[in-house]
Amino acid sequence: MRIFFRNRLERESIIVKAMIRMYCRHFHHSRTGLCKVCSEIDSYSERRLLHCKFGKTKPVCKDCPVHCYAPKQREEMRQIMRWAGPRMLFSHPLYALIHLADSKKHSTITNNKNEPNSKEIQ
Ligand SMILES: [Zn+2]
């Protein structure tokens, strides 16, 4: 599987795209590609990823101490992740595993793991 040989940011980009696609197909009934709204959030997330200051040592987004998304896009993305996240296990089990592995490997940047939802409150 090619995805294993990609670097961290490319893997993340592939996985985020897969989630957006699932979300769009389900809620916006898009058959091929993405609807206008979803392709906007898709290219937005790609730009954010490209400019991520952690580069290849980037933690998974939910563990990241930096909020690089604007509030609107952040909320949209959070909805997408919340819906698609658990479904990844069934529709893209490999991606789900890779994401899990990446979140274990690169979680050292944050150390407030014992405070669930602390970032939601800020
Ligand atoms: Zn859509």
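Screening the candidates 89, 100 for the property of being more than 16 Å from the ligand (Cβ to nearest atom), within 12 Å of the chain's Cα centre (by Cα) and exposed (fewer than 14 other Cβ atoms within 10 Å of the Cβ) yields one hit, 100. Residue-level check: of (1) within 12 Å of the ligand (Cβ to nearest atom); (2) crowded, with 17+ Cβ neighbours inside 10 Å, residue 59 misses just (1).
Only one entry of 43, 39 meets the criterion of being within 16 Å of the ligand (Cβ to nearest atom), exposed (fewer than 12 other Cβ atoms within 10 Å of the Cβ), polar (S, T, N, Q) and not in a loop (DSSP other than H, G, I, E, B), and that entry is 43. Name the residues in the range 19-36 that are buried (at least 16 other Cβ atoms within 10 Å of the Cβ) and modelled with pLDDT under 95, would you? 30, the sole residue that qualifies. Among the residues of the range 72-105, how many are under 16 Å from residue 58 (Cβ atoms) and among the small types (Gly, Ala, Ser)? Count: 2.
Within the range 20-36, the residues that satisfy the criterion of being part of a loop (DSSP other than H, G, I, E, B) and within 8 Å of the ligand (Cβ to nearest atom) are 30, 34, 35.
In the range 7-18, the residue that is nearest to the ligand (Cβ to nearest atom) out of those that are over 14 Å from residue 88 (Cα atoms) and surrounded by 14 or more Cβ atoms within 10 Å (Cβ to Cβ) is 13.
The values are calculated or read from the model by the stated rules, or taken from the named source; none is laboratory data. The model shown is predicted, which means the values in this text are computed figures rather than measured ones. Note: ideal-geometry Cβ built from the backbone for every residue, glycine included; neighbour counts use all protein chains shown.
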